[in-house]
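Engineer: Can you keep this structure in mind? I'll have questions shortly.
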């Protein structure tokens, strides 16, 4: 279920974690197609009235390994600090109860040495994953 949410149901994410993600929009393509562009509007920590907007392109979807790879595009807020950025999310099924362990890998190049690592973005991801997990657990209990 986790994988399905991140590959086909991006639009649910703001509902699952409104304190982290303000909006998700499909800019071009379809939610679950390689080459599609999706815009994410994140709420900065401690400032829910503003937002950080990043556009990402889906580079690869691997249904067998339950992973999705994306690149952050030029014009995104994070590209002010990082020359390049990409990430991969993988849901590794566990043998117990149909759950999954979620792995994320991030690659980036700083604009300069004064720029900190993208910890804020990995925290966004962590909070989104926790919210999604809670939603899926509640959904499973109710069905």
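Engineer: Mind listing the Cα extents of region 1-139 along all three principal axes, in Å, largest one first?
Structural biologist: 45, 31, 29
Engineer: Any chance you could run the full-extension gain for residue 126 through residue 53? It's 0.36 nm times the residue separation minus the Cα-Cα distance, nm to one decimal.
Structural biologist: Contour length minus Cα-Cα distance gives 24.5 nm.
Engineer: Cα centroids of region 36-76 and region 106-143: how far apart, whole angstrom?
Structural biologist: Each part's Cα centre sits 11 Å from the other's.
Engineer: Oh, and also: Give me the extension gain from residue 77 to residue 139: residue separation times 0.36 nm, minus the current Cα-Cα distance, reported in nm with one decimal.
Structural biologist: Result: 19.0 nm gained on full extension.
Engineer: Could you put 87, 42 in order, starting from the residue whose Cβ has the fewest other Cβ atoms within 10 Å?
Structural biologist: Exposure proxy ranking, most exposed first: 87, 42.
Engineer: Something else: If each residue's Cβ is checked for other Cβ atoms within 10 Å, how do 136, 141 rank with the fewest at the top?
Structural biologist: Values: 136 18, 141 7.
Least crowded to most crowded, the residues run 141, 136.
Engineer: Per DSSP helix of 4 or more residues, -39500 (n - 2.57); summed, then divided by the residues of the chain. What does that give at 222 nm, rounded to the nearest 500?
Structural biologist: On the way: 3 runs with 35 residues, N = 143.
About -7500 deg cm²/dmol.
Engineer: Can you work out the PRE-style zone for residue 33? Point 7 Å along Cα to Cβ, and I want the residues of region 62-106 with backbone N under 18 Å.
Structural biologist: Within reach of a label on residue 33, which here means backbone N under 18 Å from a point 7 Å along Cα→Cβ, region 62-106 contributes 62-63, 69-71.
Engineer: Arrange 24, 92 by Cβ neighbour counts within 10 Å, fewest through most, would you?
Structural biologist: Least to most surrounded, the residues fall as 92, 24.
Engineer: Using a simple spin-label model with points 7 Å from Cα along the Cα→Cβ vector, what separation in nm is obtained for residue 41 and residue 63?
Structural biologist: 3.3
Engineer: Relative to the present Cα-Cα distance, how much length would full extension add between residue 26 and residue 4 at 0.36 nm per residue of separation?
Structural biologist: Numbers: separation 22, 0.36 × 22 = 7.92 nm, distance 1.64 nm.
Stretched out fully, the residue 26 to residue 4 stretch lengthens by 6.3 nm.
No lab work stands behind these numbers, since they all come straight from the coordinates. Being a predicted model, the structure only gives us computed values, none of them experimental. Here the Cβ is made from the backbone with ideal geometry for all residues, glycine too, and neighbour counts use every protein chain on show.
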